[in-house]
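Have a look at the structure below before the remarks.
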Amino acid sequence: MSEGMTIEEARKKINSIIEKKENTRKTLANIIEKYGYLNLEEAVAAGLDPKDLSEDNILSANKGIPTQIVWVDYGEGYEQVETDHFNKLTPYIGEFLSARENWEEYFNTPVMGAIGKIRIGKQIYDYECKVGKPDLGRKYLIWAFPKLEQKKKKKRLRLHIYGYSPIISADTLKGVEVEFKTLDDIRWCFPKIVGEYANVCVIVLAIVSRLNKNKDFWIMGVIIRGVSSAGKNHLAKHVIKPWEKLGLVDDFSRLTGAYMERNFAKLAVDLNNKILVIYELSRNTPQQLHIVLSEGKLRVGVVDKDTGDPVEYVFEGTPFLLSTTPSENLRTDLLNRIVTVTIDESDNQTKEIVERDSQVAEDPRLAKELDEETEYRARLFATYLSQLKPAYVVVPYAEVLMKGIKRFHVNLRRDWKKVLGIIQASALLFQKRRPRIVVDDEEVI
(Lines give C-alpha, C1' and ligand atoms only; values in the text may rest on other atoms or scores of the structure.)
Protein backbone atom coordinates (compact mmCIF):
# COMPACT_ATOMS: atom_id res chain seq x y z
CA MET A 1 0.00 0.00 0.00
CA SER A 2 1.46 3.35 -1.00
CA GLU A 3 1.88 6.10 1.56
CA GLY A 4 -1.36 8.06 2.14
CA MET A 5 -3.60 5.43 0.48
CA THR A 6 -6.45 4.09 2.57
CA ILE A 7 -7.51 0.44 2.57
CA GLU A 8 -10.65 1.36 0.62
CA GLU A 9 -8.65 3.22 -2.00
CA ALA A 10 -6.27 0.29 -2.32
CA ARG A 11 -9.20 -2.10 -2.72
CA LYS A 12 -10.70 0.07 -5.47
CA LYS A 13 -7.36 0.22 -7.26
CA ILE A 14 -6.95 -3.55 -7.13
CA ASN A 15 -10.52 -4.06 -8.35
CA SER A 16 -9.86 -1.59 -11.19
CA ILE A 17 -6.78 -3.58 -12.26
CA ILE A 18 -8.71 -6.84 -12.13
CA GLU A 19 -11.59 -5.33 -14.10
CA LYS A 20 -9.24 -3.94 -16.72
CA LYS A 21 -7.54 -7.32 -17.08
CA GLU A 22 -10.90 -9.07 -17.44
CA ASN A 23 -12.09 -6.54 -20.03
CA THR A 24 -8.88 -7.09 -21.97
CA ARG A 25 -9.40 -10.85 -21.82
CA LYS A 26 -12.98 -10.57 -23.07
CA THR A 27 -12.01 -8.24 -25.92
CA LEU A 28 -9.22 -10.54 -27.06
CA ALA A 29 -11.41 -13.63 -26.65
CA ASN A 30 -14.12 -12.10 -28.86
CA ILE A 31 -11.56 -11.26 -31.56
CA ILE A 32 -10.06 -14.77 -31.44
CA GLU A 33 -13.52 -16.32 -31.66
CA LYS A 34 -14.36 -14.12 -34.66
CA TYR A 35 -11.19 -14.72 -36.68
CA GLY A 36 -9.68 -17.91 -35.32
CA TYR A 37 -6.55 -15.89 -34.46
CA LEU A 38 -5.70 -12.66 -32.65
CA ASN A 39 -6.26 -9.84 -35.15
CA LEU A 40 -4.07 -7.23 -33.49
CA GLU A 41 -5.30 -4.41 -35.71
CA GLU A 42 -8.84 -4.98 -34.43
CA ALA A 43 -7.56 -5.15 -30.85
CA VAL A 44 -6.01 -1.69 -31.29
CA ALA A 45 -9.25 -0.40 -32.81
CA ALA A 46 -10.96 -1.67 -29.65
CA GLY A 47 -8.69 0.55 -27.56
CA LEU A 48 -5.95 -1.90 -26.57
CA ASP A 49 -2.25 -1.03 -26.75
CA PRO A 50 -0.05 -3.98 -27.91
CA LYS A 51 2.68 -2.85 -25.48
CA ASP A 52 0.28 -3.42 -22.58
CA LEU A 53 -0.51 -7.00 -23.60
CA SER A 54 1.22 -9.79 -21.72
CA GLU A 55 1.61 -13.47 -22.50
CA ASP A 56 -0.91 -14.17 -19.78
CA ASN A 57 -3.43 -11.88 -21.53
CA ILE A 58 -3.09 -13.79 -24.78
CA LEU A 59 -3.15 -17.26 -23.22
CA SER A 60 -6.10 -16.56 -20.93
CA ALA A 61 -8.11 -15.15 -23.87
CA ASN A 62 -7.87 -18.53 -25.62
CA LYS A 63 -8.41 -20.84 -22.64
CA GLY A 64 -4.69 -21.19 -21.98
CA ILE A 65 -3.78 -22.21 -25.54
CA PRO A 66 -1.36 -20.13 -27.67
CA THR A 67 -2.92 -18.38 -30.66
CA GLN A 68 -1.42 -16.76 -33.73
CA ILE A 69 -1.06 -12.95 -33.71
CA VAL A 70 -1.72 -11.29 -37.08
CA TRP A 71 -1.71 -7.67 -38.20
CA VAL A 72 -2.22 -7.48 -41.95
CA ASP A 73 -0.26 -4.65 -43.63
CA TYR A 74 1.62 -3.68 -40.46
CA GLY A 75 4.79 -2.25 -41.93
CA GLU A 76 6.91 -1.27 -38.93
CA GLY A 77 9.28 -3.47 -36.99
CA TYR A 78 12.39 -3.09 -34.84
CA GLU A 79 15.71 -4.37 -36.16
CA GLN A 80 17.22 -4.75 -32.72
CA VAL A 81 16.04 -5.84 -29.28
CA GLU A 82 16.14 -3.00 -26.78
CA THR A 83 16.00 -3.11 -22.99
CA ASP A 84 12.56 -1.52 -22.77
CA HIS A 85 11.12 -4.32 -24.93
CA PHE A 86 11.57 -7.01 -22.28
CA ASN A 87 8.34 -8.87 -21.46
CA LYS A 88 6.37 -6.61 -23.84
CA LEU A 89 4.74 -7.60 -27.11
CA THR A 90 7.03 -6.08 -29.73
CA PRO A 91 7.21 -6.25 -33.55
CA TYR A 92 10.56 -7.16 -35.12
CA ILE A 93 11.92 -7.65 -38.61
CA GLY A 94 13.77 -10.95 -38.58
CA GLU A 95 14.86 -14.05 -40.44
CA PHE A 96 14.52 -17.56 -39.02
CA LEU A 97 17.86 -19.34 -39.35
CA SER A 98 16.71 -22.70 -38.00
CA ALA A 99 13.44 -24.26 -36.92
CA ARG A 100 13.04 -27.55 -35.10
CA GLU A 101 9.54 -28.87 -34.49
CA ASN A 102 8.51 -28.57 -30.84
CA TRP A 103 5.23 -29.97 -29.47
CA GLU A 104 3.68 -28.72 -26.24
CA GLU A 105 0.47 -29.79 -24.52
CA TYR A 106 -1.88 -27.12 -23.18
CA PHE A 107 -4.86 -28.43 -21.20
CA ASN A 108 -4.81 -31.72 -23.12
CA THR A 109 -4.52 -29.87 -26.44
CA PRO A 110 -1.28 -30.59 -28.38
CA VAL A 111 0.13 -27.52 -30.16
CA MET A 112 3.00 -27.64 -32.63
CA GLY A 113 5.56 -24.86 -32.38
CA ALA A 114 9.26 -24.55 -33.11
CA ILE A 115 12.57 -23.66 -31.47
CA GLY A 116 15.77 -22.45 -33.06
CA LYS A 117 17.79 -19.37 -33.96
CA ILE A 118 16.59 -16.09 -35.43
CA ARG A 119 18.52 -13.12 -36.83
CA ILE A 120 17.23 -9.64 -35.97
CA GLY A 121 19.41 -6.92 -37.41
CA LYS A 122 22.99 -8.03 -36.84
CA GLN A 123 22.24 -10.11 -33.74
CA ILE A 124 21.23 -13.75 -33.45
CA TYR A 125 18.92 -14.95 -30.69
CA ASP A 126 17.30 -18.12 -29.41
CA TYR A 127 13.56 -18.27 -29.94
CA GLU A 128 10.56 -20.39 -29.08
CA CYS A 129 7.71 -20.05 -31.53
CA LYS A 130 4.44 -20.90 -29.82
CA VAL A 131 2.39 -21.25 -33.02
CA GLY A 132 3.55 -23.32 -35.98
CA LYS A 133 6.89 -23.88 -37.66
CA PRO A 134 8.08 -20.97 -39.83
CA ASP A 135 9.81 -21.36 -43.19
CA LEU A 136 13.46 -20.43 -43.42
CA GLY A 137 15.29 -18.12 -45.76
CA ARG A 138 13.02 -15.07 -45.91
CA LYS A 139 12.23 -12.02 -43.82
CA TYR A 140 9.21 -11.87 -41.52
CA LEU A 141 7.38 -9.38 -39.38
CA ILE A 142 7.52 -11.09 -36.00
CA TRP A 143 5.46 -10.46 -32.86
CA ALA A 144 7.39 -11.57 -29.81
CA PHE A 145 7.96 -11.19 -26.09
CA PRO A 146 11.73 -10.87 -25.34
CA LYS A 147 12.50 -12.63 -22.06
CA LEU A 148 15.60 -13.35 -19.99
CA GLU A 149 15.81 -17.06 -19.20
CA GLN A 150 18.28 -19.05 -17.16
CA LYS A 151 20.44 -21.37 -19.23
CA LYS A 152 22.90 -23.33 -17.12
CA LYS A 153 24.85 -20.66 -15.23
CA LYS A 154 23.93 -17.72 -17.46
CA LYS A 155 20.85 -15.76 -18.33
CA ARG A 156 20.19 -15.52 -22.04
CA LEU A 157 17.70 -13.60 -24.11
CA ARG A 158 15.00 -15.75 -25.67
CA LEU A 159 12.14 -14.56 -27.85
CA HIS A 160 8.68 -16.02 -27.27
CA ILE A 161 7.09 -15.66 -30.71
CA TYR A 162 3.33 -15.58 -31.21
CA GLY A 163 3.10 -14.27 -34.74
CA TYR A 164 5.09 -14.12 -37.97
CA SER A 165 4.08 -13.05 -41.46
CA PRO A 166 6.25 -12.76 -44.61
CA ILE A 167 7.25 -9.22 -45.40
CA ILE A 168 5.92 -7.80 -48.65
CA SER A 169 7.66 -4.47 -48.67
CA ALA A 170 8.53 -1.87 -51.24
CA ASP A 171 10.74 -4.52 -52.84
CA THR A 172 7.65 -6.30 -54.13
CA LEU A 173 4.40 -4.99 -55.48
CA LYS A 174 1.76 -5.72 -52.86
CA GLY A 175 -1.62 -6.83 -54.15
CA VAL A 176 -0.41 -7.07 -57.76
CA GLU A 177 -1.01 -10.29 -59.69
CA VAL A 178 1.94 -10.63 -62.08
CA GLU A 179 2.24 -13.07 -64.96
CA PHE A 180 5.10 -13.72 -67.36
CA LYS A 181 4.41 -15.94 -70.35
CA THR A 182 7.73 -16.55 -72.13
CA LEU A 183 11.47 -16.42 -71.63
CA ASP A 184 11.42 -13.16 -73.60
CA ASP A 185 9.33 -11.70 -70.76
CA ILE A 186 11.90 -12.94 -68.24
CA ARG A 187 14.82 -11.47 -70.20
CA TRP A 188 12.97 -8.12 -70.27
CA CYS A 189 13.32 -7.96 -66.46
CA PHE A 190 17.07 -7.23 -66.68
CA PRO A 191 17.53 -4.03 -68.73
CA LYS A 192 21.05 -3.30 -67.49
CA ILE A 193 22.37 -6.54 -68.95
CA VAL A 194 23.38 -6.19 -72.59
CA GLY A 195 22.85 -9.36 -74.64
CA GLU A 196 23.51 -12.64 -72.79
CA TYR A 197 19.98 -13.90 -73.55
CA ALA A 198 20.76 -17.60 -73.13
CA ASN A 199 22.93 -17.11 -70.04
CA VAL A 200 20.28 -15.02 -68.26
CA CYS A 201 17.59 -17.61 -68.99
CA VAL A 202 19.74 -20.56 -67.89
CA ILE A 203 20.62 -18.88 -64.59
CA VAL A 204 17.00 -17.97 -63.86
CA LEU A 205 15.77 -21.48 -64.71
CA ALA A 206 18.52 -23.07 -62.62
CA ILE A 207 17.49 -21.07 -59.54
CA VAL A 208 13.78 -21.74 -60.13
CA SER A 209 14.55 -25.49 -60.28
CA ARG A 210 14.70 -25.31 -56.46
CA LEU A 211 10.90 -25.16 -56.46
CA ASN A 212 10.86 -28.75 -57.70
CA LYS A 213 9.56 -31.07 -54.99
CA ASN A 214 11.68 -33.82 -56.52
CA LYS A 215 15.13 -32.77 -55.32
CA ASP A 216 16.81 -35.18 -57.76
CA PHE A 217 16.21 -32.54 -60.42
CA TRP A 218 17.53 -29.57 -58.50
CA ILE A 219 20.31 -27.63 -60.20
CA MET A 220 23.00 -27.20 -57.56
CA GLY A 221 24.36 -23.98 -58.98
CA VAL A 222 25.71 -21.98 -61.90
CA ILE A 223 29.28 -20.82 -62.47
CA ILE A 224 29.82 -17.96 -64.93
CA ARG A 225 33.14 -18.26 -66.72
CA GLY A 226 35.04 -15.70 -68.77
CA VAL A 227 38.20 -13.67 -69.07
CA SER A 228 38.94 -10.81 -66.71
CA SER A 229 36.75 -7.70 -67.25
CA ALA A 230 34.31 -9.55 -69.52
CA GLY A 231 31.36 -8.71 -67.26
CA LYS A 232 30.92 -11.91 -65.22
CA ASN A 233 30.22 -10.14 -61.93
CA HIS A 234 27.96 -7.61 -63.66
CA LEU A 235 25.85 -10.45 -65.03
CA ALA A 236 25.65 -12.23 -61.67
CA LYS A 237 24.92 -9.03 -59.74
CA HIS A 238 21.94 -8.07 -61.90
CA VAL A 239 20.42 -11.50 -62.48
CA ILE A 240 20.26 -12.12 -58.74
CA LYS A 241 18.51 -8.81 -57.86
CA PRO A 242 14.93 -10.18 -57.70
CA TRP A 243 15.97 -12.87 -55.20
CA GLU A 244 17.85 -10.29 -53.15
CA LYS A 245 14.58 -8.43 -52.76
CA LEU A 246 13.06 -11.62 -51.36
CA GLY A 247 15.85 -11.87 -48.79
CA LEU A 248 17.20 -15.16 -50.18
CA VAL A 249 20.75 -14.14 -51.11
CA ASP A 250 24.02 -14.17 -49.17
CA ASP A 251 26.88 -12.78 -51.25
CA PHE A 252 30.60 -13.09 -50.58
CA SER A 253 33.84 -11.99 -52.15
CA ARG A 254 35.41 -14.98 -50.41
CA LEU A 255 33.88 -17.86 -48.44
CA THR A 256 36.00 -19.97 -46.12
CA GLY A 257 35.29 -23.36 -44.59
CA ALA A 258 35.68 -21.91 -41.10
CA TYR A 259 32.97 -19.32 -41.81
CA MET A 260 30.57 -22.02 -43.00
CA GLU A 261 31.16 -24.04 -39.85
CA ARG A 262 30.78 -21.14 -37.43
CA ASN A 263 27.88 -19.35 -39.05
CA PHE A 264 25.89 -22.14 -40.68
CA ALA A 265 26.52 -25.38 -38.82
CA LYS A 266 26.60 -23.79 -35.39
CA LEU A 267 23.21 -22.20 -36.02
CA ALA A 268 21.72 -25.38 -37.50
CA VAL A 269 20.73 -23.31 -40.55
CA ASP A 270 18.69 -24.94 -43.32
CA LEU A 271 20.24 -23.64 -46.52
CA ASN A 272 17.74 -25.16 -48.96
CA ASN A 273 16.19 -21.73 -49.52
CA LYS A 274 19.46 -19.83 -49.67
CA ILE A 275 21.43 -18.60 -52.67
CA LEU A 276 25.15 -18.21 -52.04
CA VAL A 277 26.82 -15.77 -54.43
CA ILE A 278 30.62 -15.99 -54.46
CA TYR A 279 32.47 -13.59 -56.73
CA GLU A 280 35.70 -14.80 -58.34
CA LEU A 281 35.60 -18.41 -57.13
CA SER A 282 39.07 -19.94 -56.94
CA ARG A 283 40.27 -23.50 -57.23
CA ASN A 284 40.74 -23.56 -53.46
CA THR A 285 37.02 -23.65 -52.67
CA PRO A 286 36.32 -24.89 -49.13
CA GLN A 287 35.74 -28.62 -48.80
CA GLN A 288 32.67 -27.85 -46.68
CA LEU A 289 30.99 -26.27 -49.73
CA HIS A 290 31.63 -29.39 -51.79
CA ILE A 291 30.16 -31.54 -49.03
CA VAL A 292 26.89 -29.61 -48.76
CA LEU A 293 26.47 -29.45 -52.54
CA SER A 294 27.00 -33.20 -52.75
CA GLU A 295 25.50 -34.58 -49.55
CA GLY A 296 23.19 -31.78 -48.38
CA LYS A 297 24.53 -32.14 -44.85
CA LEU A 298 27.46 -30.88 -42.78
CA ARG A 299 28.45 -32.24 -39.37
CA VAL A 300 30.89 -30.24 -37.27
CA GLY A 301 32.37 -31.15 -33.89
CA VAL A 302 33.42 -28.23 -31.67
CA VAL A 303 34.05 -27.44 -28.03
CA ASP A 304 31.51 -25.15 -26.35
CA LYS A 305 33.43 -22.06 -25.21
CA ASP A 306 31.12 -21.57 -22.21
CA THR A 307 31.05 -25.10 -20.80
CA GLY A 308 34.10 -26.77 -22.34
CA ASP A 309 31.91 -29.69 -23.41
CA PRO A 310 32.24 -31.28 -26.86
CA VAL A 311 29.27 -30.41 -29.06
CA GLU A 312 28.26 -31.70 -32.48
CA TYR A 313 26.39 -29.33 -34.81
CA VAL A 314 24.57 -30.57 -37.88
CA PHE A 315 22.85 -28.62 -40.61
CA GLU A 316 20.98 -30.10 -43.51
CA GLY A 317 20.15 -28.40 -46.76
CA THR A 318 21.71 -27.66 -50.10
CA PRO A 319 22.23 -23.99 -51.00
CA PHE A 320 22.19 -22.80 -54.58
CA LEU A 321 25.64 -21.60 -55.66
CA LEU A 322 26.01 -18.71 -58.12
CA SER A 323 29.61 -17.84 -58.78
CA THR A 324 31.99 -16.28 -61.27
CA THR A 325 35.49 -17.35 -62.15
CA PRO A 326 38.19 -16.70 -64.73
CA SER A 327 39.68 -20.06 -63.83
CA GLU A 328 39.74 -22.98 -66.23
CA ASN A 329 40.99 -25.43 -63.65
CA LEU A 330 38.19 -25.62 -61.09
CA ARG A 331 37.89 -28.89 -59.27
CA THR A 332 36.13 -31.55 -61.30
CA ASP A 333 33.91 -32.65 -58.41
CA LEU A 334 32.51 -29.09 -58.21
CA LEU A 335 31.98 -28.78 -61.98
CA ASN A 336 30.11 -32.10 -61.99
CA ARG A 337 27.51 -30.70 -59.61
CA ILE A 338 26.70 -27.41 -61.27
CA VAL A 339 25.98 -25.84 -64.67
CA THR A 340 28.62 -23.66 -66.29
CA VAL A 341 27.88 -20.78 -68.65
CA THR A 342 30.44 -18.77 -70.58
CA ILE A 343 30.18 -15.00 -70.94
CA ASP A 344 29.78 -13.76 -74.52
CA GLU A 345 33.24 -12.47 -75.48
CA SER A 346 32.46 -11.80 -79.15
CA ASP A 347 33.36 -8.55 -80.90
CA ASN A 348 29.69 -7.86 -81.58
CA GLN A 349 28.81 -8.19 -77.87
CA THR A 350 31.66 -5.81 -76.97
CA LYS A 351 30.39 -3.33 -79.60
CA GLU A 352 26.86 -3.40 -78.09
CA ILE A 353 28.21 -2.83 -74.56
CA VAL A 354 30.38 0.10 -75.71
CA GLU A 355 27.39 1.61 -77.52
CA ARG A 356 25.22 1.37 -74.39
CA ASP A 357 27.95 2.94 -72.22
CA SER A 358 28.36 5.77 -74.73
CA GLN A 359 24.61 6.48 -74.78
CA VAL A 360 24.49 6.64 -70.98
CA ALA A 361 27.53 8.92 -70.88
CA GLU A 362 25.92 11.35 -73.34
CA ASP A 363 22.55 11.55 -71.62
CA PRO A 364 22.34 11.58 -67.78
CA ARG A 365 18.56 11.22 -68.03
CA LEU A 366 19.03 7.85 -69.71
CA ALA A 367 21.17 6.65 -66.79
CA LYS A 368 18.49 7.71 -64.30
CA GLU A 369 15.71 6.12 -66.36
CA LEU A 370 17.72 2.91 -66.67
CA ASP A 371 18.26 2.77 -62.90
CA GLU A 372 14.57 3.34 -62.20
CA GLU A 373 13.46 0.81 -64.80
CA THR A 374 15.93 -1.77 -63.48
CA GLU A 375 14.55 -1.33 -59.96
CA TYR A 376 10.93 -1.53 -61.07
CA ARG A 377 11.43 -4.64 -63.20
CA ALA A 378 13.38 -6.38 -60.44
CA ARG A 379 10.51 -5.66 -58.03
CA LEU A 380 8.02 -6.93 -60.60
CA PHE A 381 9.91 -10.19 -61.12
CA ALA A 382 10.40 -10.59 -57.35
CA THR A 383 6.64 -10.26 -56.94
CA TYR A 384 6.10 -12.92 -59.61
CA LEU A 385 8.62 -15.27 -57.99
CA SER A 386 6.96 -14.85 -54.59
CA GLN A 387 3.70 -16.12 -56.12
CA LEU A 388 5.20 -19.38 -57.45
CA LYS A 389 4.60 -22.58 -55.50
CA PRO A 390 6.74 -25.72 -55.14
CA ALA A 391 5.40 -28.67 -57.13
CA TYR A 392 6.22 -31.97 -58.76
CA VAL A 393 6.69 -31.87 -62.53
CA VAL A 394 6.30 -34.51 -65.24
CA VAL A 395 8.06 -34.40 -68.62
CA PRO A 396 5.82 -36.49 -70.90
CA TYR A 397 8.31 -36.42 -73.79
CA ALA A 398 11.41 -37.33 -71.76
CA GLU A 399 11.86 -40.70 -73.50
CA VAL A 400 11.51 -39.08 -76.92
CA LEU A 401 14.33 -36.67 -76.01
CA MET A 402 16.43 -39.54 -74.71
CA LYS A 403 16.16 -41.37 -78.05
CA GLY A 404 17.89 -38.41 -79.69
CA ILE A 405 21.08 -39.04 -77.69
CA LYS A 406 23.78 -40.53 -79.93
CA ARG A 407 26.58 -41.18 -77.43
CA PHE A 408 26.10 -42.32 -73.85
CA HIS A 409 29.23 -40.99 -72.18
CA VAL A 410 29.59 -41.54 -68.42
CA ASN A 411 29.17 -37.79 -67.80
CA LEU A 412 25.60 -38.12 -69.06
CA ARG A 413 24.68 -39.80 -65.77
CA ARG A 414 24.79 -36.36 -64.13
CA ASP A 415 24.28 -34.08 -67.12
CA TRP A 416 21.01 -35.68 -68.29
CA LYS A 417 19.41 -34.87 -64.95
CA LYS A 418 20.54 -31.28 -65.36
CA VAL A 419 18.82 -31.11 -68.76
CA LEU A 420 15.61 -32.57 -67.34
CA GLY A 421 15.94 -30.23 -64.34
CA ILE A 422 16.06 -27.17 -66.61
CA ILE A 423 13.03 -28.43 -68.58
CA GLN A 424 11.06 -28.97 -65.37
CA ALA A 425 12.17 -25.55 -64.10
CA SER A 426 10.57 -23.99 -67.19
CA ALA A 427 7.26 -25.60 -66.21
CA LEU A 428 7.67 -24.29 -62.65
CA LEU A 429 8.55 -20.79 -63.85
CA PHE A 430 5.43 -20.62 -66.06
CA GLN A 431 3.25 -22.78 -63.81
CA LYS A 432 0.29 -20.39 -64.02
CA ARG A 433 -0.11 -21.37 -67.68
CA ARG A 434 0.59 -25.10 -67.34
CA PRO A 435 -2.05 -27.82 -66.94
CA ARG A 436 -2.15 -29.72 -63.64
CA ILE A 437 -3.08 -33.27 -62.79
CA VAL A 438 -3.52 -35.07 -59.48
CA VAL A 439 -1.37 -38.14 -58.82
CA ASP A 440 -1.72 -39.93 -55.46
CA ASP A 441 -3.42 -36.86 -53.98
CA GLU A 442 -0.48 -34.68 -55.07
CA GLU A 443 -0.92 -31.90 -57.61
CA VAL A 444 1.56 -32.25 -60.49
CA ILE A 445 2.43 -29.77 -63.24
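The values are calculated or read from the model by the stated rules, or taken from the named source; none is laboratory data. These numbers come from a predicted model, not from an experiment. Neighbour counts run over all protein chains shown; Cβ positions are idealised from the backbone, glycine included.
Before moving on, here are some points about what is shown:
- Just one residue in the set Q349, Q359 is more than 30 Å from E443 (Cα to Cα) and surrounded by 14 or more Cβ atoms within 10 Å (Cβ to Cβ); that residue is Q349.
- Filtered residues of the range 44-58 (kept if outside any loop (DSSP other than H, G, I, E, B) and either of a type in the set (S, T, N, Q) or surrounded by 15 or more Cβ atoms within 10 Å (Cβ to Cβ) (or both)): P50, E55, N57, I58
- Only one of I118, I65 that is assigned to a loop (DSSP other than H, G, I, E, B) and buried (at least 16 other Cβ atoms within 10 Å of the Cβ): I65
- Qualifying positions in the range 377-418 - more than 20 Å from K215 (Cβ to Cβ), surrounded by 15 or more Cβ atoms within 10 Å (Cβ to Cβ) and among the aromatic types (F, W, Y): F381, Y384
- Test result for V360, among the hydrophobic types (A, V, I, L, M, F, W, C), closer than 23 Å to I240 by Cβ, in the same structural domain as I223 (by TED's automatic domain parsing) and modelled with pLDDT of 80 or more: yes
- Applying the condition of being in a strand (DSSP E or B) and polar (S, T, N, Q) to the range 91-115 and asking which residue is modelled with the highest pLDDT yields N102.
- Comparison of K63, K88 shows that the only residue that is among the basic types (K, R) and at pLDDT 85 or above is K88.
- Of all residues in the range 202-218, those that are in contact (Cβ under 8 Å) with a residue 24 or more places away in the chain have Cβ atoms under 7 Å from Cβ atoms of residues that are among the basic types (K, R) and surrounded by fewer than 22 Cβ atoms within 10 Å (Cβ to Cβ), 6 or more apart or on another chain, in D216/K417; F217/K417.
- When residues of the range 384-398 are limited to those that are at pLDDT below 85 and part of a helix (DSSP H, G or I), the one nearest to K181 (Cα to Cα): S386
- Unmet requirement for G421, which otherwise passes all of (1) surrounded by 15 or more Cβ atoms within 10 Å (Cβ to Cβ); (2) part of a strand (DSSP E or B): (2)
- Residue match in the range 251-258 (condition: buried (at least 19 other Cβ atoms within 10 Å of the Cβ), in contact with a Leu (Cβ under 9 Å, 6 or more places away or on another chain) and modelled with pLDDT under 90): yes
- Close pairs (7 angstrom Cβ cut-off, 6 or more residues apart or separate chains): in a strand (DSSP E or B) in the range 223-238, of a type in the set (D, E, K, R) anywhere: I224/K232
Table: residues versus (1) in contact with a helix residue (DSSP H, G or I) (Cβ under 6 Å, 6 or more places away or on another chain); (2) among the β-branched types (V, I, T).
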residue	(1), (2)
R377	no, no
F381	yes, no
Q387	no, no
Y392	no, no
I405	no, yes
H409	no, no
R413	no, no
K418	no, no
I423	no, yes
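- Scanning the range 68-87 for residues that are surrounded by 16 or more Cβ atoms within 10 Å (Cβ to Cβ) and not in a strand (DSSP E or B) yields Q68, W71, Y74, G77, V81, H85.
- Subset tally (residues that are assigned to a strand (DSSP E or B), at pLDDT below 85 and among the basic types (K, R)) for the range 128-153: 2
- All positions within the range 103-149 that are hydroxyl-bearing (S, T, Y) and touching a helix residue (DSSP H, G or I) at 6+ places or on another chain (Cβ under 9 Å): Y106
- Contact annotation: residue pairs with Cβ atoms under 7 Å, 6 or more positions apart or on different chains, pairing a residue in the range 58-70 that is on the phi > 0 side of the Ramachandran plot with a partner that is surrounded by fewer than 20 Cβ atoms within 10 Å (Cβ to Cβ), are K63/F107; G64/Y106; G64/F107.
- The criterion of at least 2 residues that are closer than 21 Å to D250 by Cα and modelled with pLDDT of 85 or more is met by the following strands (runs of 3 or more DSSP E) wholly inside the range 307-354: 320-325, 339-342.
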